[in-house]
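A quick write-up on the structure given underneath.
FYI, it's all coordinate maths here, none of it is from the lab. Not measured: the values here are computed from a predicted model. As a convention, Cβ positions derive from the backbone with ideal geometry for all residues, glycine included, and neighbour counts pool all protein chains shown.
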Amino acid sequence: MKADATAIIRPEQAAYLEALEPPRDALLAKMEALAAERHNPISDPEVASFLAVTCRACAPKLVVELGTNIGYGAIVLARAAGPDAKVITIEMAHTHVQTARAFIEEAGLSARIEVRQGAAIAELEKIHEPIDLAYVDCVKKEYPRYLELLVPRLAPRGVIIADNVMWRGMVARGDQIPENERERTEVLRTFNLSLVQHPQLRSIVLPLGDGVAYAVKIA
């Protein structure tokens, strides 16, 4: 569940939906506990479930994740995509890369998940093969540029999922935004609008976690 359960839905609704989530296996529970202890912003459990369901439906061959953190999303995606899929996940912070690689090895997924250390934009520019599913959970101010780079790289019917697009509810608050969050909020508003109006995509913003954008390439 997101930190502010009232950002999108009422607290009792958030609690009900959280209770519907199946118990995580030991490794994911371990990662969630570590993330809570270190204040690492990993995917909310309901977002992870959405990733897994979408990934299974897409049956992707190549998954690209922008923003590895400790490897939680990469593991969820690789498990759901199956043994024939490859996951490339990109992370700038060296400590996160080391932690993610250790968890990925513990999950037995080192052969299927490649952790690349570097800036998301620079590393994404190096990928030229068709991307079947992209998961964006990285630098919020760079979301519009990620979209520009991802759309031409998407395979037909390729999927983009972007997390935190409501940014603690601030994206919908009009002008009542703290000064230190104003730029990030405006960038996410631009991203959301660009996504839903993009002529090559069919898109929607869902009230999951802190807001999840979902788009499918149609042209």
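Only Cα pairs within less than 10 Å get springs; with that Gaussian network setup on the chain, which residue of Ile204, Ile70, Ile90 has the largest fluctuation?
Ile204
Between region 61-136 and region 196-211, how far is it from one alpha carbon centroid to the other, in angstrom?
22 Å
log₁₀ I(q)/I(0) of the chain at q = 0.07, 0.15 Å⁻¹, via Debye over equal Cα point scatterers, no solvent, to two decimals?
Scattering profile of the chain, log10 relative to I(0): -0.20, -0.98.
Note down the nm distance, to one decimal, between modelled labels 7 Å out along Cα→Cβ at Lys141 and at Ala111.
4.2 nm
Using a 7 Å offset from the Cα along the Cα-to-Cβ direction at both Ala33 and Gln176, what is the distance between the two label points in nm, to one decimal?
Going from the Ala33 label point to the Gln176 one covers 3.9 nm.
Which aspartates and glutamates, if any, have their Cα less than 12 Å from the Cα of Lys140, not counting same-chain residues under 8 positions apart?
Asp163, Glu181, Glu183, Glu186
By the gyration tensor of its Cα atoms, with a ≥ b ≥ c the square roots of the eigenvalues, what is the shape of region 90-219: rounded for a/c under 1.5, prolate for a/b over b/c, or oblate?
Here region 90-219 falls in the oblate category.
Can you give the FRET efficiency for Lys61 and Lys126, using 1/(1 + (r/R0)^6), R0 = 25 Å, r = Cβ-Cβ distance, to the nearest 0.05?
0.90
In what sequence do Arg157, Arg24, Arg116 fall when counting other Cβ within 10 Å, fewest first?
In order of increasing Cβ crowding within 10 Å: Arg157, Arg24, Arg116.
May I ask you to list the lysines whose Cα is less than 20 Å away from that of Lys126, ignoring any residue fewer than eight positions away on the same chain?
Result set, ordered by chain and number: Lys61, Lys86.
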